[in-house]
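Presented below is the structure to which this report refers.
The values are calculated or read from the model by the stated rules, or taken from the named source; none is laboratory data. The shown structure was predicted, so the numbers you read here are calculated from the model rather than taken from an experiment. Reconstructed Cβ throughout: ideal geometry from the backbone, glycine too, with neighbour counts over all protein chains shown.
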Amino acid sequence: MSRTGCPARTSTPSTSSGRCRTPRPGFGYPESGQTIVNVTNGKIIRLLVDDEPFDVRYGELVSHERELDFRAGVLRRNVEWVSPARTPVRIRSTRLVFVRAADGSRRPV
C-alpha cells in the first residue's frame, strides 16, 4: 500500500477520506446498455463412500427418482446405489429451484 491508502501499482488517486477511487462509478456493475449473464454455481462436490467416489457409472444403480415440487419450490432427488465394493448407499438431496416469472423476475417456484 502507498501513503494514499491505494495499492502501490495503481494510478488511481485516493479521496480525501483516504479511500481509493475506482476508475469508473459502480466498478464491477454493468454500464448502460450492458447486462450480466446469470451463471449457476459451478462448484464441484465430490461424495466419497468408504474412500470410493460416488459415481453411478460404476457399481449398480438400484433406483433414481427426481421430484419437482412447485408449491415448495424445491427439487428432490433420491438415489439408491451399490458401490463396486458392494457398499449400499442411499442419497437424498433437496435444493431450491428458481424460475423466471412472466414479468421477467426470478423467484422461487
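Selection over the stretch 45-83 of residues that are part of a strand (DSSP E or B) and surrounded by 12 or more Cβ atoms within 10 Å (Cβ to Cβ) gives a count of 16.
Pairing residues of the stretch 55-69 that are farther than 8 Å from residue 81 by Cβ with residues that are assigned to a loop (DSSP other than H, G, I, E, B), at Cβ distances under 7 Å and at least 6 apart in sequence or on separate chains, gives 58/84; 68/97.
Residue-by-condition table, conditions (1) in contact with a strand residue (DSSP E or B) (Cβ under 6 Å, 6 or more places away or on another chain); (2) modelled with pLDDT of 80 or more:
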| site | (1), (2) |
| --- | --- |
| 38 | no, no |
| 49 | yes, yes |
| 55 | no, yes |
| 58 | no, yes |
| 70 | no, yes |
| 89 | yes, yes |
| 99 | no, no |
| 102 | no, no |
